[in-house]
Amino acid sequence: MEKKKMLPIGMEFFADIRTRGYYYVDKTGFISELLNACGSVNLFTRPRRFGKSLNLDMLKCFFEIGTDAALFDGLNISRDTKLCEQHLGKYPVLSISLKDVQGADYKNAYDLLGITISEEAERLDYLLESERLTQMDKEKLVRLIRGDFEQPAFLQNSLKLLSRLLQKHYGTKVILLIDEYDVPLDKAYQKGYYQEMVELIRLLFSRGLKTNQSLEFAVITGCLRIAKESIFTGLNNFKVRTILDAGYAEQFGFTDHEVKEMLCYYNLEHKFSDLKEWYDGYHFGLTEVYCPWDIINQCDKFLEADDAPMEAHWENSSGAFYLPPVI
């Protein structure tokens, strides 16, 4: 009997899923849809547990110079050979997640943001050996790696600086990926330092996204849309994709067809009506979608016991939050 692939419960890294024997619901159509309708800055807002982080990591794996092209063998995107020849492994990529920038006060949040930037700078420490960077460039990179952010302007300019260094080294503009952009603002609202955090994120984004000549395009994800007039002031060709839009509707969450395929793979076809009754409660654009977290976890329960009770997995894993509009 053929051994079945493991269910990717809690897996956020595309390469791990593809190389370590996990089941993958193919969302590589996101890549072609993005390239065909790409703005300079693209914001996707979706609820928690709908695959935003995994999709962003998939983009990183696809676009980044030096990637393992075999990760995409057999996936939908591999059939578009022209697109793959043009874009697979062709760009320097800058990728950060703000999910851990949840400080108890502004100073703590500021330091956590600095750590996030420092860790990404350390991932790019090979630039210290670049013959195309000046000694001053390398000194600035070392400062980023060390997390020397006593001067707020240096932190605010960090994404723009890293983009410039990458472009200078590769001679190619940079793709910038920012995950969970709204988490620091939610925490700041809860803890009473909201306006300070809004100003910090506004300046970080303005310099990294608006006045950044090294930027090819950016993709940002979060649960909520913050007013364009606040965080994203003055951005041209700025595209927001919410759950109300028809575009990209099938790229976050599972469709009927994808749920049926998964159930068929695990010989659980008889459970489809139960899953549909419990978890088919979302509409993105004109598309009915299921929460991946619910489907994967409930399938895991069924593999343990065919008569396992239905559970509200999403409800038990993710707290809701409210974020006020920003003036």
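A few remarks follow.
- Among the residues examined, Phe30 qualifies as outside any loop (DSSP other than H, G, I, E, B), closer than 17 Å to Val240 by Cα, of a type in the set (Phe, Trp, Tyr) and at pLDDT 95 or above.
- Near pairs, Cβ below 8 angstrom, 6+ apart or cross-chain, from segment 145-168 (of a type in the set (Val, Ile, Thr)) to any residue that is open to solvent by less than 50 Å² (accessible area, probe 1.4 Å) and modelled with pLDDT of 95 or more: Ile145/Ser118; Ile145/Ala121
- Filter pass, Arg123 being at pLDDT 95 or above, farther than 21 Å from Glu216 by Cα and open to solvent by 20 Å² or more (accessible area, probe 1.4 Å): no
- Subset of segment 10-26 [of a type in the set (A, V, I, L, M) and either surrounded by fewer than 17 Cβ atoms within 10 Å (Cβ to Cβ) or at pLDDT below 95 (or both)]: Met11, Ala15
- Scanning segment 302-313 for residues that are within 20 Å of Ile17 (Cβ to Cβ) and open to solvent by 70 Å² or more (accessible area, probe 1.4 Å) yields a single hit, Leu303.
- Taken over segment 67-86, the criterion of being part of a helix (DSSP H, G or I) and open to solvent by less than 30 Å² (accessible area, probe 1.4 Å) is satisfied by Leu71, Phe72, Ile77, Leu83, Cys84.
- A count restricted to segment 82-100 and to residues that are more than 15 Å from the chain's Cα centre (by Cα) and not basic (Lys, Arg) stands at 9.
- Residue in segment 87-96 that is in contact with a helix residue (DSSP H, G or I) (Cβ under 7 Å, 6 or more places away or on another chain), within 25 Å of Thr19 (Cβ to Cβ) and in a helix (DSSP H, G or I) present: yes
- Restricting the first member to segment 258-282 and to residues that are of a type in the set (Ser, Thr, Tyr), and the second to residues that are open to solvent by less than 70 Å² (accessible area, probe 1.4 Å) and assigned to a helix (DSSP H, G or I), the beta-carbon pairs closer than 7 Å and six or more apart or on different chains are Tyr266/Cys299; Tyr279/Asp294; Tyr279/Ile295.
- Conditions (1) more than 22 Å from Ile115 (Cβ to Cβ); (2) of a type outside the set (A, V, I, L, M); (3) free of Cβ contacts under 8 Å to residues at least 60 places away in the same chain; (4) touching a Gly at 6+ places or on another chain (Cβ under 9 Å); number of the one not met by Gln195: (4)
- Answer residue from segment 126-140, given it is open to solvent by 60 Å² or more (accessible area, probe 1.4 Å) and among the charged types (D, E, K, R) and is nearest to Val174 (Cα to Cα) among those: Arg132
The values are calculated or read from the model by the stated rules, or taken from the named source; none is laboratory data. Since this is a predicted model, take the numbers as computed values, not measurements. Heads up, the Cβs are rebuilt from the backbone with ideal geometry, glycines too, and the neighbour counts pull from every protein chain shown. Keep in mind that these areas ignore ligands, DNA and RNA; they rest on the heavy atoms of the full protein, side chains included. Shrake-Rupley method; radii C 1.70, N 1.55, O 1.52, S 1.80 Å.
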